[in-house]
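J.: Mind having a look at this structure? Questions to follow.
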Amino acid sequence: MEYIYSERIFPVMAQKLKQDVSIGPNLRKYRKKVGLSQKTVAARLQVQGLDVHEKIVSEMELGRYSVRISVLLALAEMYRVPVAAFFADLEPYE
C-alpha cells in the first residue's frame, strides 16, 4: 500500500516535529533520593522480569530512551513515589 503525503491533510507533518518532553531528570532525582545506583535499579527491575540494563536506566534518565509503562510503574514502587511525581515540573509542550 502506498501512502501519499499531503500538507493539506497532515499540516503538522509540514512543520518541524518537536521533541517530546523528557521525564528523565525526574527519574534521576527520585533514584538519587532513595540512594540507589543505576546498576542496582537495573538489577531490581531484572528480578521483576523486566529486561532493563544499567545502560537503559542511564538512557531513560537522559531522555534518550522511551520508558515502558511497566517499567514506570516498577520505578514508582521502587522509588516510593506516585507515578505522577515523574511528570511534575516538566517544561510545557508548545
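The values are calculated or read from the model by the stated rules, or taken from the named source; none is laboratory data. Being a predicted model, the structure only gives us computed values, none of them experimental. Glycine also receives a Cβ, built like all others from the backbone with ideal geometry; neighbour counts cover every protein chain displayed.
J.: Can you spot a residue in the stretch 68-87 that is in contact with an Asp or Glu (Cβ under 9 Å, 6 or more places away or on another chain) and modelled with pLDDT under 95?
T.: Looking for residues that are in contact with an Asp or Glu (Cβ under 9 Å, 6 or more places away or on another chain) and modelled with pLDDT under 95, one finds none in the stretch 68-87, hence no.
Here is a yes/no grid of residues against (1) surrounded by 11 or more Cβ atoms within 10 Å (Cβ to Cβ); (2) modelled with pLDDT under 95; (3) touching a His at 6+ places or on another chain (Cβ under 7 Å):
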{"residue": "Met1", "(1), (2), (3)": "no, yes, no"}
{"residue": "Lys18", "(1), (2), (3)": "no, yes, no"}
{"residue": "Ile23", "(1), (2), (3)": "yes, yes, no"}
{"residue": "Lys32", "(1), (2), (3)": "yes, no, no"}
{"residue": "Val41", "(1), (2), (3)": "yes, no, no"}
{"residue": "Arg44", "(1), (2), (3)": "yes, no, no"}
